[in-house]
Amino acid sequence: MRHVEWHQPRSLDEALELRSSYGEDAVVVAGGTFVGILMNQGFLRPARLISLRGVPGLDSIREEDGVLLLGAMVTHRSVERSELVRRKWPALARTFSLVASPRVRNQATVGGVLADADYASDPPAMLAALAARVVIAGKNGEREVPVEDFILDHYTTALKEDELVMGVRVPDGVRQAVYRKFRSRSSEDRPCVSVAAARYGGKTLRVVVGAVAGRPQYFPDVCALAGGEVDAGIIREIARRYAENIHPLSDARGSARYRRRVMEVEVRRALEELYGV
């Protein structure tokens with residue numbers, strides 16, 4: 001069995017130094033649920049692991065000036081049960097509550113689910129619909145990237161080799177949000193298609209479809225159709241265009257053709273719930 005060096009930094013500066021020094025030779029561990037699976041199956045063979053569990057300040061949930069701040073080490077279960085999140089961002093709390101089981105949610109983290117960029121994860125689609133931004137720290141300072149631009153493809157993100165996810169910022173102003181998760185296999189929790197939709201003050205709509213491609217699918221030009229009066233016809237048109245614009249993958253959960261049909265139905269149902277149509 002290959003020897004793996006275990007590093008447990010006690011400060012952000014130390015973690016960034018390790019990340020910068022080792023680059024691709026080291027894998028960062030947050031909750032470890034996804035990394036553990038990949039290592040057990042032999043898909044990942046890191047020489048070093050860098051745990052963020054000992055870095056202070058990454059496990060807080062708080063609100064500043066109307067913006068929800070979730071630290072990278074906040075667990076899914078903490079988001080699900082947070083009084084603040086349930087009161088002001090209830091759709092986000094519900095989305096995290098639908099992930100796997102309580103045992104997994106007690107371990108999996110906000111930073112981990114974003115940095116893993118697993119296409120069939122639930123939270124990224126909802127976070128993108130809520131216009132959330134990923135907070136990234138590097139040796140040259142901090143920067144923020146919208147969730148829909150942070151995840152680039154299967155297991156690929158906008159993170160540089162010397163950067164770490166510090167957390168996520170979720171703005172307020174959402175009038176209503178909906179998350180739908182369609183499972184095609186009763187033996188598995190992971191979605192075949194997921195749809196997150198959010199309405200903002202005024203007539204802004206954000207619809208994000210997950211679990212169908214390498215990254216969350218968001219089409220602002222299609223969402224702009226909801227800028228006027230929204231009726232059943234507009235909803236059907238938005239659903240139809242999403243199904244046309246997305247080129248879904250095929251896997252054990254469903255073929256591309258099957259996913260396209262499900263997408264159109266699930267987007268329509270999400271918007272019907274969102275607008276009460």
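Only one of the numbered conditions (1) in contact with a His (Cβ under 6 Å, 6 or more places away or on another chain); (2) open to solvent by 40 Å² or more (accessible area, probe 1.4 Å); (3) not polar (S, T, N, Q) is not met by G214, and that is (2). Just so you know, in segment 36-57 the residues that are touching a residue at least 24 places away in the same chain (Cβ under 8 Å) and in contact with a Leu (Cβ under 7 Å, 6 or more places away or on another chain) include one that is surrounded by the most Cβ atoms within 10 Å (Cβ to Cβ), and it is L52.
Within segment 224-232, not a single residue is surrounded by fewer than 17 Cβ atoms within 10 Å (Cβ to Cβ), touching a Gly at 6+ places or on another chain (Cβ under 6 Å), not in a helix (DSSP H, G or I) and not β-branched (V, I, T).
Being of a type outside the set (G, A, S) and part of a loop (DSSP other than H, G, I, E, B) is a property that R53 has. Can you pull out every residue in segment 28-60 that is of a type in the set (A, V, I, L, M), at pLDDT 95 or above and over 21 Å from S101 (Cβ atoms)? Scanning segment 28-60 gives V28, L49, I50, L52, V55, L58.
The rows are residues; the columns are (1) assigned to a strand (DSSP E or B); (2) within 12 Å of the chain's Cα centre (by Cα); (3) of a type in the set (K, R); (4) buried (at least 18 other Cβ atoms within 10 Å of the Cβ).
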| position | (1), (2), (3), (4) |
| --- | --- |
| P124 | no, yes, no, yes |
| L127 | no, yes, no, yes |
| E148 | no, yes, no, yes |
| V168 | yes, yes, no, yes |
| D189 | no, no, no, no |
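Looking for something outside any helix (DSSP H, G or I) and in contact (Cβ under 8 Å) with a residue 40 or more places away in the chain - is there at least one such residue anywhere in segment 12-20? Looking for residues that are outside any helix (DSSP H, G or I) and in contact (Cβ under 8 Å) with a residue 40 or more places away in the chain, one finds none in segment 12-20, hence no. Of all residues in segment 254-277, those that are touching a residue at least 24 places away in the same chain (Cβ under 8 Å), open to solvent by less than 30 Å² (accessible area, probe 1.4 Å) and on the phi < 0 side of the Ramachandran plot total 8.
Restricting attention to segment 74-95, does a residue exist that is closer than 18 Å to R215 by Cα and in a helix (DSSP H, G or I)? Checked against the condition, which is being closer than 18 Å to R215 by Cα and in a helix (DSSP H, G or I), segment 74-95 yields at least one hit. Here A15 clears all of (1) within 15 Å of V165 (Cβ to Cβ); (2) of a type in the set (A, V, I, L, M, F, W, C); (3) over 19 Å from the mean Cα position of the chain (by Cα); (4) open to solvent by 40 Å² or more (accessible area, probe 1.4 Å) except the condition numbered (4).
The rows are residues; the columns are (1) at positive phi; (2) open to solvent by 10 Å² or more (accessible area, probe 1.4 Å); (3) of a type in the set (V, I, T); (4) part of a helix (DSSP H, G or I).
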residue: V113; (1), (2), (3), (4): no, yes, yes, yes
residue: A131; (1), (2), (3), (4): yes, yes, no, no
residue: V135; (1), (2), (3), (4): no, yes, yes, no
residue: E142; (1), (2), (3), (4): no, yes, no, no
residue: L152; (1), (2), (3), (4): no, yes, no, no
residue: L159; (1), (2), (3), (4): no, yes, no, no
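Scanning segment 233-252 for residues that are of a type outside the set (A, V, I, L, M), farther than 15 Å from A197 by Cα and open to solvent by less than 30 Å² (accessible area, probe 1.4 Å) yields a count of 1. For segment 85-137, a residue qualifies if it is touching a residue at least 60 places away in the same chain (Cβ under 8 Å), farther than 16 Å from M73 by Cα and out of contact with any strand residue (DSSP E or B) (no Cβ under 9 Å at 6 or more places or on another chain), and the qualifying residues are V99, A100, S101, D118.
The set of residues from segment 202-223 being in a loop (DSSP other than H, G, I, E, B) and not charged (D, E, K, R) comprises G202, T204, A211, V212, A213, G214, P216, F219. A100 meets the conditions (1) out of contact with any Cys (no Cβ under 9 Å at 6 or more places or on another chain); (2) open to solvent by less than 20 Å² (accessible area, probe 1.4 Å); (3) in a loop (DSSP other than H, G, I, E, B); (4) closer than 24 Å to R183 by Cβ in every case but one. The failed one is (2).
The values are calculated or read from the model by the stated rules, or taken from the named source; none is laboratory data. Please read these numbers as outputs of a predicted model, since none were measured by experiment. We place every Cβ from the backbone using ideal geometry, glycine too, and count neighbours over all the protein chains shown. Side chains included, ligands, DNA and RNA excluded: accessible areas come from the protein's heavy atoms. Shrake-Rupley method; radii C 1.70, N 1.55, O 1.52, S 1.80 Å.
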